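Structure first, then comments.
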Amino acid sequence: MNSLNDKISSLAKVEKEAENLVVFSEPSQIREIVRLIILQGARFIHLTAIDFLEKRQKIQLNYFFLLLKERINIILKTELDSASPSVSSISDIIPGAIWAERECMDLFGVNFSGHPDPRRLVLPDDWPDNLYPLRKNFSYDFKPPVKSEPSVELKKPGEGRTVIPLGPFYPSLEEPAYFRLIVEGEEIVDFDYRGFYVHRGIEKLAESVLNYQQIPFLAERICGICGFVHSTAYCQAVERAGKIDVPERAKFIRTIFLELERIHSHLLWAGLAAHIVGFDTLFMQAWRIREPVMQLCEMITGNRKTYGINIVGGVTIDILPQHMKDMEGVINQIEKEVRELREIILNDEVIQLRFQKVGALPEEAAKNFYVGGPVARASGVEIDIRLNFPYAAYSEIVFRMPIRKEGDVWARTIVRLEEILISIGILRETVKKIPEGPTSIKFTKIEPWQEGISYVEAPRGQLFHYVMTGPDGKPYRWSVRAPSYQNYQALSVLLKGGSIADAPLIIASIDPCFSCTERFETVDIKSKVFKTYTAEELRKCLKAK
């Protein structure tokens, strides 16, 4: 670490702030410094921009890296002139940075010279040119005119090749996404992706009109399956920026719900994977096992999935002794059933034929794209933020990290099944060790221009939230990088060489984070009566409108 500090200090200004090493560089030195950081073994996390155009006519780029062994964040900063914000691309050094650079092009208007694929990523095809929504002069409620001629081009197949479209709407996809498979016969030889159809501008909304304590409830809605990881990551980022010490009991409560969420997410995935290969009995069994976990969450918080209990400074509820007893009963029940489920999967010849040696991701490719979670661990990459960079109460808990080497769909399945059982063990130990005390702490003011970085090991991998505090009671910048953001980019390796029939399963094997809602409820404010509308009733409402 000292040698890295010395090498970088000869090229740029370096400051040490708690667990953060902050490097201030000229744009011309970025590539050289990135090479030094990567050679040190750092893991690329994300790249984001911050608009300082009104203050000093600059756009600041922040490159985030993590040294796992030393547990140190590296933030590489450089500032670009507003007239022509341009810097050299690092995508040839870090293939996993391709999307992050494209996102900065879309949302901030930064040009990355030498980028291999400078097409739009986040913005829709008909979004007007030279209009960048995350700049501060763009109002969160502005509706731009539609561009008459969409400009996004997709990959063209070469001679003798055919395009097989998967999506934007497809039976095995719970959310719109377009996978453009380029094939020779039955073999996939190339692949293109167009997504972000349901991009909601959550970061912009939060930076514009929400305060610190409102954002956790928005953050929890980023994901339709495991939203608690996002509210936890956001709160931890603000707490680090504001130097807020969260009560120990609150950390344990967060840990409990993070693991309950991991269990129900992995069981949901196991059911969907079985459904994709036509094993619907297994699909229904996995979801039946999952149901008591959902009911337990509802009993404690009032909600099956979106718990609404995280705030900056702790949590809004306590877990009662009866809840602990109920939890013990639920995890004892599902542990037995998950073991039986695992045996069925491991011994089923059809599942083995469909899962083994399909969608393989070699360890080197997994490292190049900086994938996380079960996708990384199934390819031999030993990363689990709960162990590598502990948060919440994980420093008090002893558990192991399941690792496989095959890197295929089969390995990812085994890792997830193992993680369910490990989560059950974590829950038991957390319940035994949870201390008495308050569940939240009050704070008066958070100083502006402070930075907070937070990681959470979500069911799909490493989740990253960054917050720069602002002067008016809300973040000046809030940046989110979900695990699927990195895992998606590895599909270019996973799909190539596979068959068309295996494509839905390969895509599903990374457990892409799809946020989907099939129905909704209304509440009569006067009578307090809940009404759940069916699909047919919704259609009638739309026709009436």
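The values are calculated or read from the model by the stated rules, or taken from the named source; none is laboratory data. Predicted model only: the values in this text are computed from it and were never measured. Cβ coordinates were reconstructed from backbone atoms using ideal geometry, including for glycine residues, and neighbour counts include every protein chain displayed. Surface areas here come from the heavy atoms of the whole protein model, side chains and all, with no ligands, DNA or RNA. Shrake-Rupley method; radii C 1.70, N 1.55, O 1.52, S 1.80 Å.
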**Request:** Write out, first by first residue and then by second, each pair whose Cβ atoms fall under 8 Å of each other, whose residues are 6+ apart or on separate chains, and whose first residue, in segment 180-207, is within 23 Å of SER479 (Cα to Cα) while the second is charged (D, E, K, R) and open to solvent by 40 Å² or more (accessible area, probe 1.4 Å).
**Result:** ILE202/ARG221
**Prompt:** crowded, with 22+ Cβ neighbours inside 10 Å and not charged (D, E, K, R): does that describe ALA12?
**Reply:** no
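Name the helices (runs of 4 or more DSSP H) wholly within segment 315-383 that hold at least 1 residues that are in contact (Cβ under 8 Å) with a residue 60 or more places away in the chain and within 30 Å of ILE244 (Cα to Cα)? Before you say what the answer is, go through the steps one by one.
Numbers: elements: 321-346, 349-355, 363-369, 373-377.
Those helices (runs of 4 or more DSSP H) span 321-346, 373-377.
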**Message:** Exactly one condition in (1) open to solvent by less than 60 Å² (accessible area, probe 1.4 Å); (2) under 30 Å from GLY473 (Cβ atoms) is false for THR316; which is it?
**Reply:** (1)
**Request:** Please indicate, with yes or no, whether at least one residue in segment 300-307 is in a helix (DSSP H, G or I) and under 30 Å from ALA241 (Cβ atoms).
**Result:** yes
**Prompt:** Residue check, VAL198 against (1) surrounded by fewer than 19 Cβ atoms within 10 Å (Cβ to Cβ); (2) in a helix (DSSP H, G or I); (3) β-branched (Val, Ile, Thr), all met but one. Which one?
**Reply:** (2)
**Request:** Assess whether ARG254 counts as being open to solvent by less than 40 Å² (accessible area, probe 1.4 Å), among the charged types (D, E, K, R) and under 19 Å from PHE217 (Cβ atoms).
**Result:** yes
**Prompt:** Pick from segment 275-302 the residues that are among the hydrophobic types (A, V, I, L, M, F, W, C) and farther than 30 Å from LEU320 by Cα: which of them is least open to solvent (accessible area, probe 1.4 Å)?
**Reply:** LEU282
**Message:** Of all residues being more than 18 Å from ALA100 (Cα to Cα) and of a type outside the set (A, V, I, L, M, F, W, C) in segment 50-60, which is most open to solvent (accessible area, probe 1.4 Å)? Just the residue, please.
**Reply:** GLU54
**Request:** For segment 212-222, state whether one or more residues are open to solvent by 20 Å² or more (accessible area, probe 1.4 Å), of a type outside the set (A, V, I, L, M, F, W, C) and modelled with pLDDT under 95.
**Result:** yes
**Request:** Provide a single number: the residues in segment 92-105 that are open to solvent by less than 10 Å² (accessible area, probe 1.4 Å) and either among the acidic types (Asp, Glu) or within 21 Å of ALA12 (Cα to Cα) (or both).
**Result:** 2
**Request:** Considering only residues that are of a type in the set (Asp, Glu) and either in contact (Cβ under 8 Å) with a residue 40 or more places away in the chain or touching a Phe, Trp or Tyr at 6+ places or on another chain (Cβ under 6 Å) (or both), look in segment 426-476 and name the one that is nearest to ILE72 (Cα to Cα).
**Result:** GLU451
**Asked** Quick one: how many residues across segment 19-49 are in contact with a helix residue (DSSP H, G or I) (Cβ under 8 Å, 6 or more places away or on another chain), open to solvent by 10 Å² or more (accessible area, probe 1.4 Å) and aliphatic (A, V, I, L, M)?
**Response** 1
**Prompt:** In segment 176-195, which residues are part of a loop (DSSP other than H, G, I, E, B) and buried (at least 17 other Cβ atoms within 10 Å of the Cβ)?
**Reply:** ALA177, GLY195
**Tally, over segment 164-175, of residues that are surrounded by 14 or more Cβ atoms within 10 Å (Cβ to Cβ) and modelled with pLDDT of 90 or more** = 1
